[in-house]
Every structure is written in C-alpha cells, then in structure tokens.
Amino acid sequence: MQKSMKKYFALFALPTIIAFSVAFVLPFILGVYLSFTEFTTVNDAKWVGLSNYVKAFSNQDFLNALWFTLKFTVVSVLTINVFAFILAMLLTRGKKGTNLFRTVFFMPNLIGGIVLGYIWQLIINGVLYNFDLTLTFDPKYGFWGLVVLMNWQLIGYMMIIYVAGIQNVPKDVIEVAKIDGASRFQVLRNVTLPLVMPSITICLFLTLSNSFKLFDQNLALTAGAPAKQTAMLALDIYNTFYGKTGWEGVGQAKAVVFFVLVALIALVQLLITRRKEVES
C-alpha cells in the first residue's frame, strides 16, 4: 500500500504544485523583477536597477509607515498575547458558562476588516467628539485606535489557541509541583508556560504577521490621516502604487522590502520560540 502511494505521489501532487507555481511562485518572481524596472504595464517594463529601492528608502512617507508599523506591531503583539493568555487561564478553571464566554470572545474575529474598521471609527469618534477631537486629529489617537481594534479582533482567536494548549498540560505535573511547595506563580512560570510554548509560537507568529500586514482596518479607520502619519506599510505601498503616476516600480520595490522584512522577523521569532519548545 505504501509503495503504491509513493509511486503515485507525484501524480496526485502535480495539480497542487502547478496551481501553487502559477498563483504564487511565478507572480512573486515577476514582482521581484518589476521592482528593478520602471513600468506602467508588464509589457513596457524598462530596467532601472536599484533606482526604485533608492527612491523607496528616500521617501519619508515610507520611512514613517515603517516606524509606525513597527511600533504598532510591538504593542499589539504584547497586548493581544498577554490578554489572550489571561483569558485562557480564567476560562480553563472548569467554571460554568466558560463555553459561552469562549464563543463570545471569539466572535469578533469573524467580522471583516473593512466593516470592523468603520464600526470602531464610529465608536471611537463618538467618544472623542465629546472632547472636540477625532481619530485623525492627532496620530496618537489613530495609533491607539488601531491597537484597540486589533486587540478586540484577535484576542478571542488567540485565546482559543491558548485554551487548547493549557488543556493539554498534564494535571499530574501541576499537582506534583504544588505538592513540592510551588506557588501559583512558580507553577505558571516553570510548568504551564514551558508546556504551552507550542501555542505561544503559533500565537506570536499569527499576531506578528497580522499586525505587519494590516491594511483593511487601517484604510477604514484612519486612511493614513492626518497627513499619512498613521499609514502602515501595506497602505503606504497601496498609495504609492495606485496613487502616484510613474511610481509603480517604487511601489513594487516597497512591496519586496515589505515581504523580506516580514519573512525575516517571522523566521527569527519561529526559531527563537521553537528552541524554547525543545528546551521544555
């Protein structure tokens, strides 16, 4: 049976490989090539070397978006994972109604990004109007508005992953630690956290990638206002590619830089947290 499966593996995998190549690999290679060209369509691309990358890193809007995205990612990753883990700990104590709370906390993740952005724009502006302010009055309001939105959307999703991890921690290990005189904090630090590291790895990866790639919510909530100071990388790339004539190549160069940056950060995070899993 196994020999038969190995014999026809290539045949069954071929359609998926072809689809993946056509839908991802070839467009990615073409995109990298176009980042070194000046073009309006694929057919009129003219090679300009590193000129687009020089323009990208000389563009103040891009540098502002990069710094804004980095700050937002750090704050969002920390707050989402901390609150999600706390909720997971509270909802794994065997109390009545925990399944209902898990469902309620998870539901915001089902709402689309654009819709979610407009909902929170109405809510936050409704509060700020009482102080004669709006989300776009100052970049700090847009920043914290995005943080609140991202937390509200993802905390429930990450909580479900943490719940699964916590429930897989052997009860006898915790009991032994308590019998040996370990406090609740010591049990959490030395038993629960090391054994939940696979869940932490997944949650950190998801929150990192989602924070960096945030676009819909950013567009709906602030659209980069005021003066593009709350524009994140994805929105800045979109504005460059579709908002500036003749800057398509620069927008493509920004997209390549964006991809490399996210890939490197995610890879480093995975390597660090996976090592913690091995140690545990």
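The values are calculated or read from the model by the stated rules, or taken from the named source; none is laboratory data. Here the structure is a predicted model, which is why all the values come from computation and not from measurement. Ideal geometry is used to build each Cβ from the backbone, glycine not excepted, and the neighbour counts take in all protein chains shown. These area figures cover heavy atoms from the full protein model, side chains too; ligands, DNA and RNA do not enter into them. Shrake-Rupley method; radii C 1.70, N 1.55, O 1.52, S 1.80 Å.
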Being under 13 Å from the mean Cα position of the chain (by Cα) and on the phi < 0 side of the Ramachandran plot narrows Leu219, Leu235, Leu214 down to just Leu214
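Scan the range 246-280 residue by residue and report those that are among the acidic types (Asp, Glu) and either open to solvent by less than 90 Å² (accessible area, probe 1.4 Å) or within 30 Å of Val42 (Cβ to Cβ) (or both).
Initially, the range 246-280 is screened for residues among the acidic types (Asp, Glu), giving 248, 277, 279.
Listed by number, the residues that qualify are Glu248, Glu277.
How many residues are open to solvent by less than 70 Å² (accessible area, probe 1.4 Å) and either free of Cβ contacts under 8 Å to residues at least 60 places away in the same chain or not in a loop (DSSP other than H, G, I, E, B) (or both) if we restrict to the range 78-101?
The total comes to 10.
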In this structure, is Val104 assigned to a helix (DSSP H, G or I), modelled with pLDDT of 95 or more and surrounded by fewer than 19 Cβ atoms within 10 Å (Cβ to Cβ)? no
Return the only residue of Val32, Val25, Val75 being without any contact (Cβ under 8 Å) to a residue 40 or more places away in the chain and either in a helix (DSSP H, G or I) or touching a strand residue (DSSP E or B) at 6+ places or on another chain (Cβ under 6 Å) (or both). Val25
Sort out which residues of the range 41-63 are touching an Asp or Glu at 6+ places or on another chain (Cβ under 8 Å) and either of a type in the set (A, V, I, L, M) or surrounded by 12 or more Cβ atoms within 10 Å (Cβ to Cβ) (or both), and write them in order of number. Ala45, Val48, Ser51, Asn52, Asp61, Phe62
Reported set for the range 228-265 where residues are assigned to a loop (DSSP other than H, G, I, E, B) and over 28 Å from Ile80 (Cβ atoms) is Lys244, Thr245, Gly246, Trp247
